[in-house]
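The values are calculated or read from the model by the stated rules, or taken from the named source; none is laboratory data. Remember, it's a predicted structure, so these values are computed and weren't measured experimentally. Neighbour counts run over all protein chains shown; Cβ positions are idealised from the backbone, glycine included.
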Amino acid sequence: MANIKILLADKDEKYLLPLERKFIDELEDKADLIVITDPDYLKDFFSTPQKIDILVINEELYDAELERHNIGNTFLLTEQVVSDGKTGDSEMNRIYKYTSVKEIYNEVINKSSTKSVSFNNTEETKILMLYSPIGGIGKTTVSAALCEAIVKYHKKALFIGMDSLQTFGSVIGDLPAMESGIEKMMIEKNEYIYDIVKSKIVTKGFDILPPFHLSLPSLNVKGEDYINLLNCIKATKDYDYIIVDGISDFTEDVSRLMGAADHTIIITGQEKKAVHKLECLLRNIDCSDNERFVFVCNKYQSNRENHLMDERDTQSFKISEYIDYRTDSSNQEIGYLSNDRNVQKLALMFI
């Protein structure tokens, strides 16, 4: 599983050196440590959405704007001796910066371990399924961009494409085909299926299960076979997230995969036809659980009518993110989209 992310920020580089050394010595490979001493770089660092487990920062550098980011635990280094160390915010503590390094470290660790940080890395792998009833809406591109965005937040992600023709290589890039015979082991529910496919996984910024050379129906590979594989991978906790790029047809397999996923991200468009197809979908599934179902509008154009805002008879839903349409085809590439602020915000919803 991914390490916890710790940021130390103070203009005095010499002051931070022993503190940095303490965190490295104690946590070893359990944490990713970032040290910033330049105020301008600190501002630039937080110019895009960030997910930080522990922030230890000089109170002179602290800005209320940082609260917009996903920061689990904040500790302000102050030059004034404090009594109980508490600020008005229950998620923030003050520490006298000239106390011993050991005391600072212990206070940070002890107060963080009871909140959002797990130093034992016991979190379960989460399965995120992306689905759309609309063809050509960019579901596969968003799936891959989300994978890369998650990796940039120091998480480990695996992409699994389930389109019938296994064409996701055209979006991600050239990929080797899955070795022949693997499909038979998937169908047989081989108990060692993950150990078998693990050596076949390709890495391109994030990990990818290679596509099958032939279509899934011709190989007789079904949704239940993928669900078995997903459960085998999830049990190992090798990954923080498994991103499943689902098919556009609404079948029994799709319904089962939604049930197996921790979260389902439904991709739609703003056009009238896209909204109509979305309404048809909503008449067939219960998406009232806002924790499990997330709606995203892709290829959004602000200068065009947004039919998602029309009144409707079907169950209500909320669009969590609008991903802008870009006329330049090069800007639709995964690397570019993964840096899109709205894609990053989408990633942070699950981190």
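Within region 41-68, the set of residues being basic (Lys, Arg) and out of contact with any strand residue (DSSP E or B) (no Cβ under 6 Å at 6 or more places or on another chain) comprises LYS43, ARG68.
Pairs are defined by a Cβ separation below 8 Å, a sequence spacing of at least 6 or placement on different chains, a first member in region 282-301 that is under 19 Å from THR251 (Cβ atoms) and assigned by TED's automatic domain parsing to the domain that holds ASN342, and a second member that is of a type in the set (Gly, Ala, Ser) and at pLDDT below 95; the pairs so defined are ILE285/SER255. Restricting attention to region 229-239, the residues that are in a helix (DSSP H, G or I) and among the acidic types (Asp, Glu) add up to 0. Just one of (1) under 21 Å from the mean Cα position of the chain (by Cα); (2) in a loop (DSSP other than H, G, I, E, B) fails for ILE242. It is (2).
Select from region 167-189 the residues that are touching a helix residue (DSSP H, G or I) at 6+ places or on another chain (Cβ under 7 Å) and not aliphatic (A, V, I, L, M) and write down the one among them that is surrounded by the most Cβ atoms within 10 Å (Cβ to Cβ). Full working, then the answer.
Filtering region 167-189 down to residues touching a helix residue (DSSP H, G or I) at 6+ places or on another chain (Cβ under 7 Å) leaves 168, 171-172, 175, 182-183, 185-187, 189.
Then keep just the ones that are not aliphatic (A, V, I, L, M); that gives 168, 183, 189.
On the way: PHE168: 24, GLU183: 19, LYS189: 13.
Only one residue fits best here, namely PHE168.
On the given criteria, is VAL171 part of a helix (DSSP H, G or I), in the same structural domain as VAL343 (by TED's automatic domain parsing), at pLDDT 95 or above and within 23 Å of ILE323 (Cα to Cα)? No; evaluated as a whole, the condition is false for this residue.
Each row is one residue, and each column tells you yes or no for (1) within 24 Å of GLN344 (Cβ to Cβ); (2) in contact with a Lys or Arg (Cβ under 6 Å, 6 or more places away or on another chain); (3) modelled with pLDDT under 95.
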position	(1), (2), (3)
ILE285	no, no, yes
PHE293	yes, no, no
ASN298	yes, no, no
GLN301	yes, no, no
LEU308	yes, no, yes
GLU311	no, no, yes
SER316	no, no, yes
ARG326	yes, no, yes
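Residue count for region 137-168 satisfying the condition of being of a type in the set (Gly, Ala, Ser), in contact with a Phe, Trp or Tyr (Cβ under 6 Å, 6 or more places away or on another chain) and part of a loop (DSSP other than H, G, I, E, B): 0.
Note on region 60-81: among residues that are assigned to a loop (DSSP other than H, G, I, E, B) and closer than 30 Å to LEU346 by Cβ, the one that is farthest from the chain's Cα centre (by Cα) is LEU61.
Which residues, counting only those in region 233-245, are surrounded by 20 or more Cβ atoms within 10 Å (Cβ to Cβ) and at pLDDT 95 or above? Step through it out loud before you land on a result.
The initial filter retains those residues of region 233-245 that are surrounded by 20 or more Cβ atoms within 10 Å (Cβ to Cβ), namely 233, 239-245.
Hits for region 233-245 are ILE233, TYR239, TYR241, ILE242, ILE243, VAL244, ASP245.
Scan region 254-271 residue by residue and report those that are charged (D, E, K, R) and either buried (at least 18 other Cβ atoms within 10 Å of the Cβ) or at pLDDT below 95 (or both). Of everything in region 254-271, those that are charged (D, E, K, R) and either buried (at least 18 other Cβ atoms within 10 Å of the Cβ) or at pLDDT below 95 (or both) turn out to be ARG256, GLU271.
THR251 meets the conditions (1) modelled with pLDDT of 95 or more; (2) within 22 Å of LEU216 (Cβ to Cβ) in every case but one. The failed one is (1).
Give the residue that is surrounded by the most Cβ atoms within 10 Å (Cβ to Cβ), with candidates limited to residues of region 50-74 that are in contact (Cβ under 8 Å) with a residue 12 or more places away in the chain and among the hydrophobic types (A, V, I, L, M, F, W, C). Filtering region 50-74 for residues that are in contact (Cβ under 8 Å) with a residue 12 or more places away in the chain and among the hydrophobic types (A, V, I, L, M, F, W, C), the one surrounded by the most Cβ atoms within 10 Å (Cβ to Cβ) comes out as VAL56.
Scanning region 84-119 for residues that are at pLDDT 80 or above and assigned to a loop (DSSP other than H, G, I, E, B) returns LYS97, TYR98, THR99, SER100. Here region 1-32 is the region considered, the condition is being more than 27 Å from the chain's Cα centre (by Cα) and not in a helix (DSSP H, G or I), and the residue that is surrounded by the fewest Cβ atoms within 10 Å (Cβ to Cβ) is ASP12.
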